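The values are calculated or read from the model by the stated rules, or taken from the named source; none is laboratory data. Everything quoted here is computed from the prediction, not taken from an experiment. Cβ placement follows ideal geometry from the backbone for every residue including glycine, while neighbour counts extend to all protein chains displayed.
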Amino acid sequence: MKYWISGGLAATALICGTALADSADEAWAPETFTLNNGMEVVVLPDHRAPVVTHMVWYKVGAVDEDPGKSGIAHLFEHVMFKETDDLEDGEFDSTISRVGGQHNAFTSWDYTAYYQRVAKQHLGKMMELEAERMTDLIIDEDPEGSFITERDVVKEERRQRVDNNPGVILQERVLAEFWKDHPYEITVIGRMDEVEALTPQDGIDFYKKYYSPENTILVVAGDVTGDEVRALAEEHYGKIEPSGLVDGTRKWADVPALTETKELSHSDPKVRQPVWYRYYNGTSQLRDRDFSLALDVGLDVLGGGNTSLLYVALVEEQKVAVNAGTFAWTGLHDDGPAVIYATPSPGVSMEELEEAVMAEITNLLEAGFSDEDVERVRNSMAASAIYARDNQQSMAQLFGSWMAIGGSIDDLMNYEDDIRAITTEQAMSAARQVFAADNNYIEAHLLPEDGEF
């Protein structure tokens, strides 16, 4: 199973956007309704192939974990694939494999999602499977049972994906400092000692509180109609009684501005190329959509790939870096960081790289962006929006992730027009505000062993 340590699915999805604002293409208009038990349903018709993507989004993630229980949202994602009253261990996977389907799940700070992609005639079976594990998951004290064995799996996953990855170790340290005293402070996979201490009773309590239909969003994209999905959803999900324990409150909170500048570094013999980073306070599309869209455009002009101003100046012209860029995590519910990064060319010290990067940032922000550069980025982002709807799974992820954090469908429908409306001045102003010279930041260095390179 996947978990998202680097910003959440909506961050990627909303950068790509969607072209659903094209009212001439009625086939792409989403249909929405709510079952009597509170489950929200979104239908995204796409009749080009007899395939459907079925996703169930639970409005719970790492942000909702109790103190000392970090990692339980991600661990529970693993447990959901195990034994239920009517399914033996492994039967969920084998059932989908037998019909030629694909499936997986992922956890973020803001949500947990489960999906299957199958031929349309198997949609009802997918709903049957998801409804079964929504209601009848088996969690007990058996040392060979699902909770304890999957807890060991997650511990090993942390060893492999985090503790054995120098870049992720550094990122975890930086984000813990960036989100200090905020619910995002602890990474999604959790702290090793806290994961190890999680008990089956913790799992039962988590399951009863959050895995209830009134806490879910069902998204079905593909060769279906709203009427077809409604009938199947009523049959399989509509009969599930809400738990009554979901009160709709989440642990989201304002992210305070950094009050001091700090430097962190991590050295490891596995590091072959050093990397330099600066993390500044950013924003989120959910909390400040207009500013966030302007920032996305501005950072793409500034450092969004090998045609960006920063890359051309540092890599192609000055040759002090082999890579350089900027980006922002704008897809979480609460504010994420805006980041500058660069990798030095051979023989260039970290100090020389930092000086060159920040001198160029200062020059570019003082000079301002050209209308041509901003128009190029806007057009590119709008084009990506159009291409995105060719992938029904991307559409299902986009709608589910955005709605799970409280976003509206109108935001998605209007994305293409809104991104085209960003002006050069708005993009420039957003970048200047985030990277202002008097702003505090966290500087991070990823270094070879003993800091030598």
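Filter the stretch 237-289 for residues that are among the aliphatic types (A, V, I, L, M) and outside any strand (DSSP E or B) and give the result.
240, 245, 246, 253, 255, 257, 258, 271, 286
Does any residue in the stretch 311-330 that is within 21 Å of residue 434 (Cα to Cα) come within less than 9 Å, Cβ to Cβ, of a residue that is polar (S, T, N, Q) and in a strand (DSSP E or B) six or more places away or on a different chain, and which pairs are these?
311/323; 314/323; 324/343
Go through 369, 399 for me and flag whichever is under 22 Å from the mean Cα position of the chain (by Cα), of a type in the set (A, V, I, L, M, F, W, C) and on the phi < 0 side of the Ramachandran plot.
Just a single option satisfies the conditions, and that option is 399.
Criterion first (outside the structural domain of residue 392 (by TED's automatic domain parsing), within 24 Å of residue 244 (Cβ to Cβ), not in a strand (DSSP E or B) and not basic (Lys, Arg)) does residue 202 satisfy it?
Yes: the conditions hold for residue 202.
Sort out for me the helices (runs of 4 or more DSSP H) sitting completely within the stretch 359-440 that have 2 or more residues that are among the hydroxyl-bearing types (Ser, Thr, Tyr).
Helices (runs of 4 or more DSSP H) meeting the threshold: 371-388, 392-404, 424-434.
A quick yes/no check of all residues on (1) surrounded by fewer than 21 Cβ atoms within 10 Å (Cβ to Cβ); (2) of a type outside the set (D, E, K, R):
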| residue | (1), (2) |
| --- | --- |
| 38 | yes, yes |
| 42 | no, yes |
| 52 | no, yes |
| 55 | no, yes |
| 58 | no, yes |
| 65 | no, no |
| 70 | no, yes |
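For residue 87, state whether it is farther than 25 Å from residue 230 by Cβ, assigned by TED's automatic domain parsing to the domain that holds residue 211 and within 24 Å of the chain's Cα centre (by Cα). Spell out the reasoning first.
Values: farther than 25 Å from residue 230 by Cβ: yes; assigned by TED's automatic domain parsing to the domain that holds residue 211: yes; within 24 Å of the chain's Cα centre (by Cα): no.
Taking the combined requirement at face value, the residue does not satisfy it.
Within the stretch 340-359, can you find the residues that are closer than 30 Å to residue 62 by Cβ and out of contact with any Lys or Arg (no Cβ under 7 Å at 6 or more places or on another chain)?
341, 342, 343
Mind listing whichever residues of the stretch 131-180 are out of contact with any Lys or Arg (no Cβ under 6 Å at 6 or more places or on another chain), polar (S, T, N, Q) and part of a helix (DSSP H, G or I)?
135, 149, 160, 171
Take the stretch 371-411 and flag every residue that is among the basic types (Lys, Arg) and either out of contact with any helix residue (DSSP H, G or I) (no Cβ under 7 Å at 6 or more places or on another chain) or free of Cβ contacts under 8 Å to residues at least 12 places away in the same chain (or both).
Of the residues in the stretch 371-411, the ones among the basic types (Lys, Arg) are 376, 378, 389.
Result: 376, single match.
Would you check if there is a residue in the stretch 81-89 being of a type in the set (A, V, I, L, M) and closer than 17 Å to residue 111 by Cα?
No, there is no match, as no residue in the stretch 81-89 is of a type in the set (A, V, I, L, M) and closer than 17 Å to residue 111 by Cα.
Which residues, counting only those in the stretch 9-48, are in a loop (DSSP other than H, G, I, E, B) and at pLDDT 95 or above?
35, 36, 37, 38, 39
Output the qualifying pairs, or none if there are none: Cβ atoms under 6 angstrom, residues six or more apart or on different chains, first residue in the stretch 157-181 and farther than 22 Å from residue 106 by Cβ, second residue among the basic types (Lys, Arg) and in a loop (DSSP other than H, G, I, E, B).
Here the result reads 166/270, each pair linking the stretch 157-181 to a residue that is among the basic types (Lys, Arg) and in a loop (DSSP other than H, G, I, E, B).
From the list 86, 93, exactly one residue is in contact (Cβ under 8 Å) with a residue 12 or more places away in the chain, surrounded by fewer than 16 Cβ atoms within 10 Å (Cβ to Cβ) and in contact with a Phe, Trp or Tyr (Cβ under 7 Å, 6 or more places away or on another chain). Which is it?
Exactly one of 86, 93 is in contact (Cβ under 8 Å) with a residue 12 or more places away in the chain, surrounded by fewer than 16 Cβ atoms within 10 Å (Cβ to Cβ) and in contact with a Phe, Trp or Tyr (Cβ under 7 Å, 6 or more places away or on another chain), namely 93.
Kindly indicate the residue of the stretch 49-74 that is of a type in the set (Ser, Thr, Tyr) and not in a loop (DSSP other than H, G, I, E, B) and also farthest from residue 398 (Cα to Cα) among those meeting that condition.
Step by step, filter the stretch 49-74, then rank; the result is 58.
If you check residue 398 against the conditions, is it among the hydrophobic types (A, V, I, L, M, F, W, C) and within 30 Å of residue 349 (Cβ to Cβ)? Talk me through it step by step, then tell me what you get.
Working: among the hydrophobic types (A, V, I, L, M, F, W, C): yes; within 30 Å of residue 349 (Cβ to Cβ): no.
No: the conditions fail for residue 398.
Kindly list, by first and then second residue, each pair from a residue in the stretch 337-348 that is closer than 21 Å to residue 435 by Cα and in a strand (DSSP E or B) to a residue that is at pLDDT below 95 and not basic (Lys, Arg), limited to pairs with Cβ atoms under 7 Å and residues at least 6 apart or on different chains.
Hits for this filter: 343/273.
Being surrounded by fewer than 19 Cβ atoms within 10 Å (Cβ to Cβ), under 26 Å from the mean Cα position of the chain (by Cα) and hydroxyl-bearing (Ser, Thr, Tyr) is the filter here; which residues of the stretch 261-294 pass it?
Of everything in the stretch 261-294, just one residue is surrounded by fewer than 19 Cβ atoms within 10 Å (Cβ to Cβ), under 26 Å from the mean Cα position of the chain (by Cα) and hydroxyl-bearing (Ser, Thr, Tyr), namely 265.
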